[in-house]
Amino acid sequence: MRELGIAMVIDDRLEETVRWAVSAGFSNCQLQIWNMDLLYEGHALEVKSIMDKWKMEITGLWCGWSGPIRWDFAEGPSILGLVPQEYRAIRMKELLKGAAYGRVLGVKDIITHVGFVPLNCRDILYTGLVSALRYLTAELQKHGQNFLMETGQEPPIVLKRLMEDVGAGNLYINYDPANLMMYGNANPVDGVGILGDKIRSVHAKDGSYPTTGLELGKEYPIGKGQVDFAGLMEKLEELGYEGPISIEYEIEAGNERQRQEILEGKQYLESVLGQMERAKGRG
């Protein structure tokens, strides 16, 4: 049965989190960093030492960026990711620093949200993003690294078109099924079919569709929301997906309760995967 991973934030409690994750049965993780002041070699070496000590494999580095952040439909489109022109240059530099940080960790895949990609491919924000991604992917290609865009803020077909327009062989998708629902952009199972072999990493996260025009849908503990995980896993298997599946849990519920709900989510997903294995055995 496939071994599940976990998404972990790089902060001053990282080793404690890694220790707990190992005790919970995780052996691989996607690291996530939002503090741009930590993007230097010495800190990356400290993180690598922790991961080596606990024998925790790093499957990817999710790199954030500086500036305003608002995860909604009112302000989000004008301030998030690489789409807004006024923030694009500094965030490109930060992602390149994140890629260098990742190389110290031995990480090949650099991941982020690029923002609300315009549906109109003639929009100046869209064409500017294409140019930025061509440069970014070319720089990462020099070091054998990939750039992954996380799903959510636009329909999957828009990301597919964007990858076609950029034309880079190292541009892929970090597939987050809950985000696609929470932003109201796709049925997560159908979205897999659209993006296909461009999916290189997957978040296991649960959520629901929006109920208002300004706020995202709600995140839920895994198995308690509207994501059809059985259908999702079957679709990924049909496509031959063999990459990481990292449990991402962003509900603030207090440290112990949060960890308990992660464990319950892990057990739920293992049950889904176990049923798939048994069904194949019967076939």
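The values are calculated or read from the model by the stated rules, or taken from the named source; none is laboratory data. The structure presented is a predicted model; accordingly, all values stated were derived computationally and were not measured. Positions of Cβ are generated from backbone atoms using ideal geometry, with glycine treated the same way; all protein chains shown enter the neighbour counts.
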For E264, the lone unmet condition from (1) outside any helix (DSSP H, G or I); (2) among the acidic types (D, E); (3) farther than 19 Å from I173 by Cβ is (1)
Select from region 162-178 the residues that are under 12 Å from K198 (Cα atoms) and among the charged types (D, E, K, R) and list them in ascending order. E164
Please work out which one of (1) within 17 Å of Q30 (Cβ to Cβ); (2) polar (S, T, N, Q); (3) touching an Asp or Glu at 6+ places or on another chain (Cβ under 8 Å) is the condition S246 fails and give its number. (3)
List the helices (runs of 4 or more DSSP H) that sit entirely inside region 115-207 and contain at least 2 residues that are modelled with pLDDT of 95 or more, among the β-branched types (V, I, T) and under 20 Å from V83 (Cβ atoms). 124-141, 156-166
Of G213, G191, the only residue that is under 14 Å from P155 (Cβ atoms) and in contact (Cβ under 8 Å) with a residue 12 or more places away in the chain is G191
